[in-house]
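Only one structure is covered here, and it is reproduced in the block below.
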Amino acid sequence: MSFVEYGDTIKDGDTAIVFLGHESMFPVKVQHGSKTQTKYGVIRHSTDLIGKRYGSKVTCSKGGWVFILHPTPELWTMNLPHRTQILYSTDISLITMMLELKPGSIVCESGTGSGSLSHAIIRTVAPTGHLYTVEFHQQRAEKAKEEFQEHKVEHLVTVKNQDVCKNGFGVSNVADAVFLDIPSPWEAIGHAKSALKIEGGRICSFSPCIEQVQRTCLAMEEHGFTEMNTLEILLRVYNVRTISLQIPDLGKAQGTAQFKSGVPLKEMVGHTGYLTFATKSLF
């Protein structure tokens, strides 16, 4: 099992996603002899998981059933253990596009946090690209490195435990793109510029407060970045359902008519953060 290469069968040591429903799923590390408890009963790894195909419908000890899914960055974002606040797929998708990431890209990231964006970047730049990710907190850095090894993507990522604002990313003139998710990104703009390739590159800073955005934009301007723009992504989900309405009395046959209608959900995810993008100038 690898987060960047699909495997057909579940193996000992794999990370799999136990799917009980769209609102209920969780990751599990498959181990010979282990058991996992669900509301539908026990799943025995040796007999119920190992050797089965991903996507299989597994019957639990109480007669209920679950699906066992192959992990993806999107599923991992929804189920990972939170060590910090994380980025979700709505913001990640825009970051991937605006930074122009593709297979072979070299990316610098700070901070690693819970690894949500890191896994998405790794999948995007594989098989020939690389991610250099910096985490200030030692335990979070060690845990991220451990997860990358478990997910068999350690050859695509280098984890550094240091202060990016003081020590930078540890590389110079190699990155196609830089991503910053730290409390004071303006202090790391100079190091980001040094990490980007001489011929230019893209940078993105994620900040929850507009005051952070203002200071970051000033720092970008001082270091010669161009094409600066700040975006906020608000995802609005619509519920499509069948509605029946009475046909008005116009002197003809009466009755009801059915049609599909989309209405927004009463609750939605609001502000997550501001995404500020810029380009390293060639001149």
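Between residue 34 and residue 256, what FRET efficiency comes out of the Förster formula 1/(1 + (r/R0)^6) with R0 = 51 Å and r the beta carbon distance, rounded to 0.05?
Working: r = 55 Å, r/R0 = 1.08.
E between residue 256 and residue 34, to the nearest 0.05, is 0.40.
Are there trypsin sites (Lys or Arg not before Pro) in the range 19-122 that DSSP puts in a loop and that have at most 13 other Cβ atoms within 10 Å, and which ones?
Details: sites: 29, 35, 39, 44, 52, 53, 57, 62, 83; in loops: 39, 52, 62, 83.
Passing both the DSSP loop test and the Cβ count: 39, 62.
Taking a temperature of 4 °C and a viscosity of 1.567 mPa s, what whole-number D in µm²/s does Stokes-Einstein yield for the chain with Rh from Kirkwood over alpha carbon pairs? Working shown, then result.
Details: Rh = 21.3 Å.
Estimated via Stokes-Einstein, D reaches 61 µm²/s.
Taking all pairs of different Cα atoms in the range 15-71, averaging 1/r and flipping that mean, what Kirkwood radius in angstroms comes out?
Numbers: mean 1/r = 0.0905 Å⁻¹.
That comes to 11.0 Å for the range 15-71.
Mind telling me which of 214, 254, 139 comes out most flexible in a GNM of the chain, alpha-carbon contacts under 10 Å?
Answer for the Gaussian network model of the chain: 254.
What number, in percent, do you get for the relative contact order of the chain if the mean sequence gap of Cα pairs under 8 Å and at least 6 apart is divided by its residue count?
Working: 580 pairs, mean separation 37.2, N = 283.
Taking the mean separation of contacting Cα pairs over the length of the chain, I get 13 percent.
Output the pairs from 35/62; 193/280; 29/143; 39/152 with a Cα-Cα distance over 19 Å in this structure; if there are none, say none.
The pairs that break the limit, which is 19 Å between Cα atoms, are 39/152.
Relative contact order of the range 86-184, please, whole-number percent, based on alpha carbon pairs below 8 angstrom and at least 6 residues apart.
On the way: 163 pairs, mean separation 32.5, N = 99.
The normalised contact order for the range 86-184 reaches 33 percent.
Report Rg/Rh for the range 11-105, rounded to two decimals, where Rg is the Cα radius of gyration and Rh the Kirkwood radius. All intermediate terms of the calculation are to be shown ahead of the outcome.
Working: Rg = 15.8 Å, Rh = 14.9 Å.
Answer for the range 11-105: 1.06.
The range 100-172 to the range 175-253: how many Å between their Cα centroids?
Between the Cα centres of the range 100-172 and the range 175-253 lies a distance of 21 Å.
Which is the longest run of the chain containing none of the GluC sites (Glu not before Pro) found in DSSP loop states (not H, G, I, E, B) with at most 15 other C-beta atoms within 10 Å? It would help to have the intermediate numbers written out before the result.
Values: sites that count: 5, 23, 100, 199, 232, 267.
That gives 101-198 as the longest site-free run.
Give the relative contact order (percent, whole number) for the range 15-71; include only Cα pairs under 8 Å separated by 6+ residues. All intermediate terms of the calculation are to be shown ahead of the outcome.
Numbers: 104 pairs, mean separation 20.0, N = 57.
Averaging sequence separation for qualifying contacts and normalising by length gives 35 percent for the range 15-71.
Dipole of the chain (Lys/Arg Cβ +1, Asp/Glu Cβ -1, origin at the Cα centre): which of 7, 208, 120 lies farthest to the positive side?
7
Can you compute the FRET efficiency between residue 82 and residue 215 using 1/(1 + (r/R0)^6), with r the Cβ-Cβ distance and R0 = 35 Å? Round to the nearest 0.05.
Values: r = 27 Å, r/R0 = 0.78.
About 0.80, to the nearest 0.05.
Have a look at 127, 71, 185 and tell me which one the Gaussian network model of the chain (Cα, springs below 10 Å) gives the largest fluctuation.
Comparing 127, 71, 185 in a Gaussian network model of the chain, the most mobile one is 127.
Loop only by DSSP, 14 or fewer other Cβ within 10 Å of the Cβ. Give me the chymotrypsin sites (Phe, Trp or Tyr not before Pro) in the range 39-133 that pass, ordered by residue number. Mind showing how you got there, number by number?
On the way: sites: 40, 54, 65, 67, 76, 88, 132; in loops: 40, 54, 88.
Answer by residue number: there is no such site.
Based on the Cβ-Cβ distance from residue 9 to residue 249, what FRET efficiency comes out when R0 is 51 Å, to the nearest 0.05?
On the way: r = 63 Å, r/R0 = 1.24.
Result of the calculation: an efficiency of 0.20.
For residue 59 and residue 93, compute 0.36 nm times the residue count separating them, minus their Cα-Cα distance, and round to one decimal in nm. Working shown, then result.
Numbers: separation 34, 0.36 × 34 = 12.24 nm, distance 3.49 nm.
Value of the extension gain: 8.8 nm.
Given the alpha-carbon gyration tensor of the range 142-270, what are the semi-axes of its equivalent ellipsoid in whole angstrom, ordered largest first, with each equal to the square root of 5 times an eigenvalue? Walk me through the numbers on the way to the answer.
Values: eigenvalues 511, 90, 37 Å².
Here the semi-axes work out to 51, 21, 14 Å.
Any idea how far apart residue 283 and residue 139 come out in nm if each label point goes 7 Å out from Cα toward Cβ?
5.1 nm
Quick one: Debye curve from the alpha-carbon atoms of the range 218-283 only, equal weights, vacuum; give me log10 I(q)/I(0) at q = 0.22, 0.24 Å⁻¹ to two decimals.
Here log10 of I(q) over I(0) equals -0.94, -1.01.
No value in this document is a laboratory result; all are computed from the given coordinates. No experiment lies behind these values; they were computed from the predicted model shown. As a convention, Cβ positions derive from the backbone with ideal geometry for all residues, glycine included, and neighbour counts pool all protein chains shown.
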